[in-house]
Every structure is written in C-alpha cells, then in structure tokens.
Amino acid sequence: MINLTILLNLFFLLLVPTYAILGGYVYTEGTNFYIDGYKIYFSGTNTYYLHSSQNERVDLALEVSAKHNIQVVRAWAFCDLKVCGDKQFVKFENGKAVFLEDNMEAIDYFIAAASQRNIRLVLGFTNNWTDYGGMDEWVKGYGGKYHDDFYTNTDIRKAFKSYIKLLITRINRHTNIRYSDDPTIFSWQLANEPRCGNGPSGLPQSGKCTPEVITEWANDISSYIKELDPNHLVSVGCEGFGLEAPEGSKGLYAYKYDEGTDFEALTALPNIDYNTYHYYPIPWGMKDLVSHTKDWIESHQAVGKKLNKPVVFEEWGLEIPTDCSKEERIQYYKTWTKQILDADVPMNMFWYTVGEDYYGTDKYIIKEDELVAAIDPFTNAMMEKSEYKLKTKSIGRTDLPSIYWKVDGCGDLWSTCSNIPTQQGNKCCCHGCQCVSHDDLYAQCKPRAPDYRNSTIPDTVVIESLPGGSSNPKKTTTSESFATSNNSCFSMALGFSCCEGNKIVYTDDDGDWGYENGEWCGIIKGNNECFSTKLGYKCCSSCTDVIYIDNDGQWGLENDNWCGIADKCNLSGSAESCVGLNLGYPCCSSCNIAYSDETGNWGIENNEWCSIKNSC
C-alpha cells in the first residue's frame with residue numbers, strides 16, 4: 001500500500017515551493033517599473049480588507065484578481081482596534097504600544113496566498129482615517145489630543161517605527177520567508193491618504209500642521225524603511241493634493257495645499273521610489289468627468305516626468321447610483337482607462353474589487369460584469385505595452401500544507417484512516433491533516449504540523465527570475481526538442497509544461513530550459529531521461545523494481561534513496577492508460593469519481609485507490 005501522506009510530505013521538501021512568486025523585486029528606472037530587466041506596466045486594484053478576513057474570504061477576493069490578470073493588489077497591514085478580534089495587530093496599554101505578533105499570521109496568510117497566484121502586494125502601515133484604528137488610535141494611545149500629533153510626537157514616531165521594523169523583519173509562518181526578502185511585496189506604503197486632519201469623525205487638528213510637517217515625517221519614515229529593507233520600493237499613499245493646476249482646473253479643491261500635502265515635495269524625497277494619487281471627482285467638486293479627469297492624470301504624470309520617477313494612479317472610482325448609473329460608470333471607466341494609457345501611467349489601481357461573499361451596500365465595488373466590460377480590455381492593453389507579459393494564476397484554494405479544509409471522500413479531522421492494509425478507515429485525510437499511525441490496526445487523521453514550527457530561516461532566498469531577465473542572464477540560442485510518446489519532461493514535476501515545438505526560441509546555458517509562448521518550458525531530450533537529475537537525484541534503475549512509488553508515478557525509493565522514474569516508464573497511447581498501471585493499481589472506470597487527489601492522478605473507487613486515466 002502506498003503511504004500517500006508520507007510521500008506528499010517528502011514532496012514538499014523536494015519540489016520547488018508552490019508559494020514562490022515568479023520574478024524578482026520590482027524596481028524603478030526613470031518613470032517606469034521593472035522586474036529582472038523587463039519594463040512592465042501593471043494593472044492593479046484595491047482589496048483593503050484582506051488583513052481582517054478569514055482564509056476563505058482572502059481566497060475568494062484574490063481569485064477575482066487572479067482570474068482577471070490583475071497583477072497588483074493594495075491592502076492594509078494594520079489593525080489597531082479591539083473589534084479586529086484575533087486580527088488586531090497593535091493595542092495600547094498604559095501609554096505604550098503592544099504588538100500582537102501571533103495575530104499577524106493573518107498577514108502571513110494573504111501574502112502567501114497572493115504569492116501562489118503571482119499577485120504582488122502594496123502594503124500600507126497605517127490609515128489617516130479611523131477605519132481599523134489608524135493614526136488617531138496611535139495618538140490616543142500615547143495621550144495626544146490632535147490628529148497631526150501622529151506626525152510630530154517623538155514617542156509616537158518611535159513606536160510606529162518599531163511596528164514597521166517588526167513587520168519588515170517578520171518571518172512569514174507559512175512560507176518561512178522574511179518579509180524584506182519576499183518579492184511578493186511590490187512596495188511598502190507609509191499610510192493611506194495622509195492628511196493634517198481626518199474630518200468630523202476623528203480627532204481635531206492642532207492648527208500647526210502644514211505640508212512641511214507631513215513632508216518631514218514622510219522623509220524620516222521612508223528613510224527608516226530603506227535602512228531596514230533596501231529590496232523593496234517605498235511609496236507615500238497620498239491622494240495627490242497640492243500641485244499646480246492646469247488652466248481648465250484652476251481653483252478646484254483637490255489642487256490646493258489645504259489638506260497638508262505637497263505632491264511634488266513628497267515625490268522628490270530621496271527614499272520615495274514612486275508617488276501616488278487618488279481620484280473621487282464628485283465629492284471633490286470635479287464635475288466634468290472627462291476633461292477634469294484628463295487634467296488630473298496629466299498634471300500628476302508631469303510631476304513624475306519632471307522628477308524622473310514613476311507616478312501611480314492608485315485609487316479612483318464613482319459611486320452608483322449617487323454619482324451616476326452603472327451603465328454610465330462603465331463608459332466613464334472606459335474613457336478614464338483610455339486616458340491612463342495615453343498618459344503612459346506605469347501602474348493603475350482602481351477602487352475596488354472584492355470576493356462574491358463581500359458584495360454588500362458599498363457602491364464603489366466593481367463586480368464581474370464591469371470588470372469584463374471596462375477593466376479587462378485595459379489590463380490586456382497594459383500587458384501589450386509590457387516587455388514581459390506577467391500573468392496571474394487562478395488556483396481556487398491557497399495550497400498551504402498547514403491550512404485545513406475538508407475534502408470530499410476523505411476523512412475529517414480526528415477520524416480514522418488507513419496507511420497500511422491492516423488499518424481500517426479512509427485512505428485519505430482532509431487538507432491540512434495527515435494520517436498518523438498509532439499501531440498496525442489504528443491510524444487517525446491529525447492536524448498537519450505547520451512548516452514553520454521549529455524551522456530555521458535559510459541563509460539565502462531563491463528567487464525565480466523571469467525568463468531571460470537581467471538578474472538571470474542567459475544566451476539567446478535555439479535548441480532541438482525531441483518528442484517522446486507521452487511528451488513528458490523533467491519540468492512537469494516542477495509545475496512547468498514541456499516545450500511544444502521543435503524549435504525553442506530561447507534556452508538556458510545547459511539546454512534544459514526553453515522559453516516558448518512567453519513561458520518557461522522543459523526541453524524534451526528523450527524518454528530515457530528523468531526530471532530528478534536536475535534536483536540532485538538519480539534516475540531509478542528500473543520502472544517497477546523499487547520499494548515505493550509516489551502517487552503520481554514520478555518518484556521512487558531504491559536502495560534507501562529517492563530516485564526519479566524515467567520518462568520511458570510512463571504508459572500512454574491507450575484509452576485505458578494511467579499512471580497506476582505501472583504501480584499495480586487499476587485505472588478508474590470513470591473520469592467522474594468521488595475523490596481526486598491534489599495532483600489529479602489518483603481517485604477512490606469502491607473504497608480502493610485507482611488511477612485516473614490519462615484521457616481524463
């Protein structure tokens with residue numbers, strides 16, 4: 001009997017981590033963003049609530065971005081109120097900030113979940129507004145009176161820096177990667193919409209706050225972040241207030257300096273890599289939704305060109321039906337995204353997308369039909385402008401071994417299970433569970449120990465660069481590809497397809513990897529090869545004479561060592577062909593069975609393991 005649980009555990013050690021995002025850190029050159037030498041235009045969104053959500057809600061929200069190829073999501077990395085419950089990260093006791101590090105696993109999760117989908121994250125450290133706590137909560141916690149004390153009180157600033165350091169140096173409990181080493185993070189953001197005040201619902205202003213006050217604070221905080229983490233970009237998160245208005249928009253509120261921000265001064269700060277601007281025209285008195293929008297975009301992009309830095313259109317939206325009808329909003333969004341493309345904006349992030357479970361009364365939410373009508377064409381156009389077509393991945397559930405969910409046809413937590421023929425029970429357990437034997441007669445589905453327990457941080461983090469990128473330079477060549485009967489190659493075990501054509505546009509130095517249709521692929525060299533040699537393991541000497549063979553027929557155990565099953569051992573060409581025939585198991589009689597494992601190779605039929613047919 002194959003011990004699938006043990007074998008799957010070994011796979012987590014042997015294979016490339018599934019949480020590793022594709023490509024290195026985002027960096028800037030001039031007014032553009034780059035990854036591994038490629039200039040990339042990003043289509044993004046805001047989904048602020050990931051930090052305060054259960055795992056299922058996080059997955060539903062990120063799947064929306066993944067399905068629509070939205071590559072960047074902006075979210076909060078703070079929660080300072082008791083109502084946050086087990087998602088509260090900071091509380092204030094006796095005039096001091098107390099950091100609740102265990103609760104920060106909520107941030108760990110959504111970073112890992114985004115990484116698996118090739119989605120990058122803009123993470124904000126605090127909020128100008130009272131939602132989830134924010135600046136006012138820090139001020140009250142340290143005995144202050146005014147909203148702008150947050151920028152000037154030395155004790156608050158010191159404590160806020162401690163929180164920033166805690167996050168940047170935090171080790172993700174799901175991926176075992178330090179935040180500062182994780183290219184999933186697009187940028188750190190000082191705050192959401194910093195201003196001198198935050199309206200009638202918040203603390204009053206002191207009357208002493210000026211643009212110079214906020215600029216000095218931003219300079220100090222951004223410099224501190226760069227000292228801790230030179231790998232990642234730093235942005236402000238401001239709304240773009242305070243700059244010279246073009247002729248058609250003179251006198252409009254949003255261009256004034258009254259809220260305490262100077263857009264050009266903030267953009268010019270040495271440790272601000274790019275700046276941001278937002279846009280809510282109706283509340284801000286911008287009534288011409290075409291010409292005023294064009295002015296707003298172009299005036300901010302002009303500052304970026306002047307200072308040779310990227311400027312990002314980070315939040316914008318219309319509320320329905322207050323501002324306009326849904327049909328009108330779609331047309332306005334089409335017009336605005338055309339203006340964004342014409343102005344060569346390097347990244348756009350609208351407000352906002354959510355999972356279906358979050359649909360409610362908020363009239364800014366962009367649902368599926370509007371995404372298809374207004375956002376998808378824009379995202380495609382941004383991709384066409386890019387030198388590398390960075391794609392997201394829709395995966396349904398985030399696949400972390402320590403995360404629990406029920407699996408149809410498998411035992412639930414604490415139920416009996418079977419590792420060997422003498423044990424009674426289910427032959428598989430829930431995700432996040434493992435079948436643990438007590439003796440030859442009894443085994444039980446128990447929680448899988450999270451990877452991070454008693455683990456150590458690696459000395460270096462392996463980052464998978466974009467194919468042909470400057471951080472992974474390769475020679476541009478062509479290579480012959482040899483097809484086999486089942487068209488298999490070593491890369492399939494690593495989550496990459498085999499190269500399809502006989503001529504590969506690009507290969508690496510040793511001829512194992514090719515580049516085809518904008519994706520890495522494995523070079524097919526012949527059916528006597530096996531993928532494991534690339535991982536430091538020999539090929540198995542026999543197709544069948546091995547002690548163990550894993551559940552997808554790729555790994556065997558021979559002479560007490562793991563070995564890779566050669567490509568020639570895989571069967572094909574028959575409607576009844578399946579991986580299990582090599583292993584002494586029958587093919588499943590139907591493609592529609594009660595349970596299929598995560599690889600899609602194994603099912604359970606008549607309470608026995610069977611192998612999914614290749615034709616399925």
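The values are calculated or read from the model by the stated rules, or taken from the named source; none is laboratory data. Note that the structure is a prediction, hence the values are computed from the model and not measured. So basically every Cβ, Gly included, is an ideal-geometry build from the backbone, and we count neighbours across all protein chains shown.
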Practice prompt. Scan region 44-53 and give yes if some residue there is touching a residue at least 12 places away in the same chain (Cβ under 8 Å), over 24 Å from residue 192 (Cβ atoms) and either part of a helix (DSSP H, G or I) or among the small types (Gly, Ala, Ser) (or both), otherwise no.
Written response: no
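Going by the structure shown, is residue 373 closer than 23 Å to residue 119 by Cβ and either aliphatic (A, V, I, L, M) or surrounded by 14 or more Cβ atoms within 10 Å (Cβ to Cβ) (or both)? Even if it seems obvious, please write down each step before you answer.
Numbers: closer than 23 Å to residue 119 by Cβ: yes; either aliphatic (A, V, I, L, M) or surrounded by 14 or more Cβ atoms within 10 Å (Cβ to Cβ) (or both): yes.
For residue 373, the condition - closer than 23 Å to residue 119 by Cβ and either aliphatic (A, V, I, L, M) or surrounded by 14 or more Cβ atoms within 10 Å (Cβ to Cβ) (or both) - is met.
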Discussion item. Being crowded, with 17+ Cβ neighbours inside 10 Å and part of a helix (DSSP H, G or I) is the filter here; which residues of region 61-100 pass it?
Written reply: 61, 62, 63, 64, 65, 66, 84, 87
Worksheet item: Restricting attention to region 149-157, does a residue exist that is more than 25 Å from the chain's Cα centre (by Cα), under 28 Å from residue 111 (Cα atoms) and not β-branched (Val, Ile, Thr)?
Response: yes
Item to complete: Collect the residues in region 275-318 that are part of a helix (DSSP H, G or I), of a type outside the set (Gly, Ala, Ser) and in contact with a strand residue (DSSP E or B) (Cβ under 8 Å, 6 or more places away or on another chain), keeping them in residue-number order.
Response: 293, 296, 297, 300, 301, 303
Worksheet, complete the sentence: Those residues of region 398-433 which are under 24 Å from the mean Cα position of the chain (by Cα) and acidic (Asp, Glu) amount to 399
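Could you tell me whether region 184-198 includes any residue that is in the same structural domain as residue 128 (by TED's automatic domain parsing), among the small types (Gly, Ala, Ser) and farther than 19 Å from residue 76 by Cα? Break it down stepwise before answering.
Restricting attention to region 184-198, the residues satisfying the condition of being in the same structural domain as residue 128 (by TED's automatic domain parsing) are 184-198.
If we keep only those that are among the small types (Gly, Ala, Ser) as well, we get 187, 191, 197.
Add one more test, that the residue is farther than 19 Å from residue 76 by Cα, and what stays is 197.
Checked against the condition, which is being in the same structural domain as residue 128 (by TED's automatic domain parsing), among the small types (Gly, Ala, Ser) and farther than 19 Å from residue 76 by Cα, region 184-198 yields at least one hit.
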Worksheet entry | residue 323, sole failed condition from (1) surrounded by fewer than 16 Cβ atoms within 10 Å (Cβ to Cβ); (2) among the acidic types (Asp, Glu); (3) in a loop (DSSP other than H, G, I, E, B) | (1)
Discussion item. If I go through region 250-263 residue by residue, how many of them are crowded, with 19+ Cβ neighbours inside 10 Å and either touching an Asp or Glu at 6+ places or on another chain (Cβ under 6 Å) or not in a loop (DSSP other than H, G, I, E, B) (or both)?
Written reply: 3
